[in-house]
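For reference, the structure discussed in these notes is given below.
The values are calculated or read from the model by the stated rules, or taken from the named source; none is laboratory data. Note that the structure is predicted; figures quoted are calculated from it, not measured. In this analysis, Cβ positions are derived from the backbone assuming ideal geometry, glycine residues included, and neighbour counts consider all displayed protein chains.
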């Protein structure tokens with residue numbers, strides 16, 4: 001079990017995650033049918049022709065029920081290879097797109113930064129979250145893990161969509 005002063009609760013430790021597995025944590029347990037459909041979507045092969053196998057670790061443990069963004073980020077903060085975590089929250093379970101909340105786990109400690117550099121950095125990290133369709137989760141995770149793109153690029157792409165949900169191209 002993992003405890004944190006910031007959490008105010010005890011949540012199970014996430015173990016056995018391979019760095020190439022997208023991490024999806026269920027925080028809403030109000031609709032099992034929607035959850036099962038979502039998991040099915042997450043386990044589908046992905047890529048332009050479906051050529052890549054789905055690599056996902058799904059955390060479906062009631063102890064995570066109602067966990068806030070800050071609680072989740074505090075709990076996964078020790079995983080140095082994790083740059084994004086996806087939450088299946090209330091919005092996910094009740095929206096037709098089943099859009100997951102993507103959260104960046106990478107934050108700079110601004111204490112030692114030059115104020116001008118910090119302003120530029122802060123602008124690039126303006127958003128620490130966006131919504132992602134299940135079909136886009138693997139591309140987001142893979143590209144962030146490999147350093148091909150950064151979180152701000154995905155957040156900007158999502159914000160450009162009418163419903164603010166990133167979908168695969």
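From the residues in the range 7-28 that are over 16 Å from residue 65 (Cα atoms) and in a loop (DSSP other than H, G, I, E, B), which one is modelled with the highest pLDDT?
This residue is 21.
Sort through 67, 54 and tell me the only one that's outside any strand (DSSP E or B) and surrounded by 18 or more Cβ atoms within 10 Å (Cβ to Cβ).
Of 67, 54, the one residue that is outside any strand (DSSP E or B) and surrounded by 18 or more Cβ atoms within 10 Å (Cβ to Cβ) is 67.
So residue 49 passes all but one of these: (1) at pLDDT below 95; (2) more than 25 Å from residue 139 (Cα to Cα). Which condition number does it fail?
Failing condition for residue 49: (2).
Look through the range 70-79, keep the residues that are closer than 9 Å to residue 105 by Cα and without any contact (Cβ under 8 Å) to a residue 60 or more places away in the chain, and return whichever of them is surrounded by the fewest Cβ atoms within 10 Å (Cβ to Cβ).
So the residue we want is 77.
Does the range 29-39 include one or more residues that are in a loop (DSSP other than H, G, I, E, B), surrounded by 16 or more Cβ atoms within 10 Å (Cβ to Cβ) and modelled with pLDDT of 90 or more?
Applying the first criterion (in a loop (DSSP other than H, G, I, E, B)) to the range 29-39 yields 29-31.
Add one more test, that the residue is surrounded by 16 or more Cβ atoms within 10 Å (Cβ to Cβ), and what stays is 29.
Narrowing further to those that are modelled with pLDDT of 90 or more: 29.
There is at least one residue in the range 29-39 that is in a loop (DSSP other than H, G, I, E, B), surrounded by 16 or more Cβ atoms within 10 Å (Cβ to Cβ) and modelled with pLDDT of 90 or more.
Which residue is farthest from the chain's Cα centre (by Cα), if the candidates are limited to the range 83-122 and must be part of a loop (DSSP other than H, G, I, E, B) and at pLDDT 95 or above?
Among those that are part of a loop (DSSP other than H, G, I, E, B) and at pLDDT 95 or above, it is 98.
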